[in-house]
1. Just give me the residues in region 134-185 being of a type in the set (Lys, Arg), within 17 Å of Asp89 (Cα to Cα) and touching a residue at least 12 places away in the same chain (Cβ under 8 Å), in sequence order.
2. With the condition kept exactly as written, say whether any residue in region 129-138 is farther than 15 Å from Gln180 by Cβ and either at pLDDT 95 or above or under 18 Å from the mean Cα position of the chain (by Cα) (or both).
3. Is it the case that Ser121 is modelled with pLDDT of 95 or more and within 12 Å of the ligand (Cβ to nearest atom)?
4. Looking only at region 76-109, count every residue that is more than 21 Å from the chain's Cα centre (by Cα) and open to solvent by 60 Å² or more (accessible area, probe 1.4 Å) and tell me the total.
5. So is Ser46 at pLDDT 95 or above, assigned to a loop (DSSP other than H, G, I, E, B), within 15 Å of the ligand (Cβ to nearest atom) and farther than 20 Å from Asp225 by Cβ or not?
6. Within region 53-67, which residues are open to solvent by 10 Å² or more (accessible area, probe 1.4 Å) and under 20 Å from the mean Cα position of the chain (by Cα)?
7. List the number of the failed condition for Lys218; all other conditions in (1) touching a strand residue (DSSP E or B) at 6+ places or on another chain (Cβ under 6 Å); (2) open to solvent by 60 Å² or more (accessible area, probe 1.4 Å) hold.
Amino acid sequence: MPTDTAKEHRPRRVALVTGVAAGIGQGYALRLARDGHRVAIADLGSADETEKLVREDGGEVFSVRCDVSDAESVARCAEAVTDRFGGVDILVHNAGIYPMAPFADTDWTPWRRIMDVNLDSVFHLTKAFLPAMTRGSWGRIVVMASTTFHAGSAGMVAYTASKGAVIGFVRSLAAEVGEQGVTVNAIAPGLVRTPGTLSGPQLELGAFDAIVANQAIKRTGLPEDLMGVVSFLATDDAAFMTGQTLVVDGGFVRA
Ligand SMILES: NC(=O)c1ccc[n+]([C@@H]2O[C@H](COP(=O)([O-])OP(=O)(O)OC[C@H]3O[C@@H](n4cnc5c(N)ncnc54)[C@H](O)[C@@H]3O)[C@@H](O)[C@H]2O)c1
């Protein structure tokens, strides 16, 4: 079926994507808007570039500043998005941080920060938007996990623990809300080329080459490799898939 015809038949919903200034979140915002959804984008910093790209692409977008780790900031964001779009049907928890340090050098403060941003944010945002999804008997929640959970990557104990925790969140919440039309899934990428990974220690450590060498598909992952997955999870076609973690890593993890 030609894409345009498929788009005509696709319900137009409201998506909220966090962590959208660049990288994977920017790709998700662009793709969900291209799918015809109205897209709210939330970031700690400026998401002007993403907003501009979505508009230029013909999409409808609303940008809000939000620190997803902060309950009050999330409450203000939820109010602004609800005022603008009436609610959220598709919630994509993408914002995340991944500082690398051995566990011996990881004190309580950086540990808490990673948990605040990667895990507690999922609590705050889901609390804000899930009640309306269950009331309306339709919702899609997607959380970003990571194959560091499957691989047990050294130097990333706090990060890996936070991503394992969100996989647990997804499995358990899926069991609670399946009967109310809400699916809850995780996407676990391998190493993806984004501003975050390109400015981190991954390049210096040779992580890109080392990981690609062990992938079935021998090239670096890109945000584009993930966009179709979030697009699918947001559809009615994905209504029977919940509580899952979709590994998208060029076949590094083959479990
Ligand atoms: N890039 C990878 O290799 C990779 C692999 C596995 C999982 N992931 C996960 O995918 C997601 C996106 O990764 P990325 O590489 O595109 O990240 P990135 O660092 O390139 O971008 C992250 C975005 O999140 C925003 N952000 C950070 N803290 C925030 C906060 N407290 N509140 C609101 N926004 C905040 C940043 O401003 C930025 O726009 C993360 O959850 C990450 O853990 C990435």
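The values are calculated or read from the model by the stated rules, or taken from the named source; none is laboratory data. A quick note: this is a predicted structure, and the numbers were derived from the prediction, not measured. Backbone-built Cβ (ideal geometry, glycine too); neighbour counts: all protein chains shown. Just the protein is used for accessible areas: all its heavy atoms, side chains included, with ligands, DNA and RNA removed. Shrake-Rupley method; radii C 1.70, N 1.55, O 1.52, S 1.80 Å.
1. Scanning region 134-185 gives a single hit, Arg140.
2. No: region 129-138 contains no residue that is farther than 15 Å from Gln180 by Cβ and either at pLDDT 95 or above or under 18 Å from the mean Cα position of the chain (by Cα) (or both).
3. For Ser121, the condition - modelled with pLDDT of 95 or more and within 12 Å of the ligand (Cβ to nearest atom) - is met.
4. Adding up the residues that qualify gives 10.
5. Criteria met by Ser46.
6. Leu53, Gly59, Glu60, Phe62, Ser63, Val64, Arg65, Asp67
7. Result: Lys218 passes all but (1).
For (1) crowded, with 16+ Cβ neighbours inside 10 Å; (2) in a helix (DSSP H, G or I); (3) within 16 Å of the ligand (Cβ to nearest atom), each residue gets a yes or a no:
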| position | (1), (2), (3) |
| --- | --- |
| His150 | yes, yes, yes |
| Glu176 | no, yes, no |
| Ile187 | yes, no, yes |
| Asp209 | no, yes, yes |
| Val230 | yes, yes, yes |
| Asp237 | no, yes, no |
